[in-house]
Amino acid sequence: MRLLECRCQNAVRPDSVNSGTQIREQRIIDPVEADLNWRIVGVADMNGDGAPDILLRNYMTADSKVWLMSGTQLSSTQALPSEPDANWQIGAIGDFNSDGYNDIVWRRACCSGENRIWLMNGTSLVSSVTLPAVADQTWQIVGPR
């Protein structure tokens, strides 16, 4: 099992390989994000190469990006389409339309409880699907990230 952890005070992101409850190996992954407003919001294969990539969201600027990874090395950085309202948070990542590409579930719990899925083709937005709103702010999306 792979586990990605964040030690945000100095922006180091170790990648651990676990065996049961024991850490077998731990590596510092490249790159290091110096801007602490960026948060890791998910890990999923976003470009279809079979390797996990890292999704990040900056809650100050509302920008989102994907680090396309090759093991612990950064292959490239791809900006995601704009979601300028920082109240929208990524709740889950998974292939919701069975096209072979991971999609992104968003939730705007603070204001209206809106939910939606971005259907993706790699890091490109194909379409957005509105889901039923859940206004109760205590509800959270629980799913793969």
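Laboratory data are not the source of any read-out in this text; all were calculated from the coordinates shown. Since the structure is predicted, the reported quantities are computational estimates derived from the model, not experimental observations. No Cβ is skipped: glycine too gets one built from the backbone with ideal geometry, and neighbour counts run over all protein chains shown.
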Distance in nm between Val32 and Ser98 label points, each 7 Å along Cα→Cβ, equals 4.6 nm
Expected unfolding gain across Ala79-Val129 under the 0.36 nm per residue rule, minus the alpha-carbon gap, is 16.0 nm
Dimensionless Rg/Rh of the stretch 37-129, both radii on Cα and Rh by Kirkwood, sits at 0.95
In whole percent, the Cα-Cα distances of the stretch 51-105 spread across 5 Å bins from 0 upward as 4, 18, 24, 24, 20, 9, 1
One checks the Cα atoms of the stretch 77-145 and finds Rg and Dmax, in Å, of 11.9, 35
